[in-house]
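The values are calculated or read from the model by the stated rules, or taken from the named source; none is laboratory data. Just so you know, these numbers come straight off a predicted model, no measurement behind them. We place every Cβ from the backbone using ideal geometry, glycine too, and count neighbours over all the protein chains shown. For accessibility, only protein heavy atoms count, side chains too; no ligands or nucleic acids. Shrake-Rupley method; radii C 1.70, N 1.55, O 1.52, S 1.80 Å.
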Amino acid sequence: MSILQSIWLCLTGKSKPSQPNPSLQNPFQQKPFHQDQPCYNKEAVHDKTALILDIHENQVQAQPSLVIAIHGDVPFGPVGYHNRFAKKLSDASVNVVSVGLLRPGYKDDKGRRSAGRKGWSVGDNYDHKRIEQIALAIRALQQKYKPSKTIVAGHSGGAAITAKMLGYYPSLIDTAFIVSCPTHINEWRDHMFKLSFNPLFIGKLNRVSPFQLIDKISSHVHVHVFCGVNDPITPAYFSECYVTRGC
């Protein structure tokens with residue numbers, strides 16, 4: 001089943017959470033992390049976030065479902081697949097506002113750029129300032145559309161941001177789709193250095209990992225985790241460890 005189909009089932013109230021695969025191996029050992037605290041200002045306005053939001057509406061009435069797609073890390077060039085995903089979902093749904101959210105500092109394939117610093121796309125941009133910027137944009141969309149539910153689908157780095165928002169802002173999101181997530185940031189960086197030999201992946205970052213925030217997720221939130229069995233960038237054991245809390 002595709003992510004798009006899963007979100008459509010969620011919109012129609014027919015979705016069921018997937019079951020983890022206990023056979024996957026996990027190489028992690030627990031290590032101490034330094035906590036980076038969020039600085040969410042409830043009084044801030046959306047204009048200050050200056051994120052590019054590609055909004056698609058289809059037969060919107062009162063209290064639509066709000067779906068937000070957050071793209072992954074793209075070190076070079078523009079990004080646009082999150083916008084195409086949002087449009088495709090909107091075209092297939094009714095009373096849905098579907099939004100492609102361009103992360104801070106990124107450019108899209110229409111030449112637009114979100115405010116803020118992009119970073120190096122090596123796990124450094126999953127920090128509280130960028131997460132706050134995204135959370136403010138989501139809150140502004142909620143204030144505008146008064147949705148019946150808010151669904152966020154994050155891919156790769158966008159999945160890490162989505163997973164961290166679940167812990168930092170427990171009431172912000174109703175359902176999350178976390179796809180190919182680097183759930184343990186520094187272990188993922190070690191993996192990426194072995195894969196790419198990129199020196200930017202050397203060393204540990206002062207970042208809270210999504211795995212550390214699991215206990216802060218509201219029991220009212222529905223979380224769906226997806227991963228590719230043969231994904232070389234974010235191997236399946238990252239997602240498996242997140243789901244089973246087995247690390």
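Mind pulling the per residue volume of the convex hull built on the Cα atoms of the range 56-96? Å³ is fine.
It is 53 Å³ per residue.
In whole angstrom, how long is each semi-axis of the equivalent ellipsoid of the range 153-247, when you take the square root of 5 times every eigenvalue of its Cα gyration tensor and sort them from largest down?
23, 14, 11
Go through 92-103, 155-166 and give me the packing order, highest mean Cβ count within 10 Å leading.
155-166, 92-103
Which chymotrypsin sites (Phe, Trp or Tyr not before Pro) in the range 144-247 pass both tests, a DSSP loop state and at most 12 other beta-carbon atoms within 10 Å?
When the chymotrypsin sites (Phe, Trp or Tyr not before Pro) of the range 144-247 are filtered for loop state and at most 12 Cβ neighbours within 10 Å, F197 remain.
In whole Hz and in residue order, list the ³J(HN,Hα) couplings for the range 133-144 that follow from phi through the Karplus curve 6.51 cos²θ - 1.76 cosθ + 1.60, θ = phi - 60°; x for Gly and Pro.
Karplus-based 3J(HN,Hα) across the range 133-144 equals 4, 5, 4, 5, 5, 5, 4, 5, 5, 5, 5, 6 Hz.
Round to a whole angstrom and tell me the spacing of the C-alpha centers of the range 63-102 and the range 186-247.
23
Using a 1.4 angstrom probe on the protein heavy atoms only, line up L53, L200 by accessible area, largest first.
Listed by decreasing accessible area, they come as L200, L53.
Going down the table (K88/K194; K87/K118; K87/K144; K87/K216; K107/K129), which pairs top 26 Å between alpha carbons?
Checking Cα-Cα distances, K88/K194; K87/K216 exceed 26 Å.
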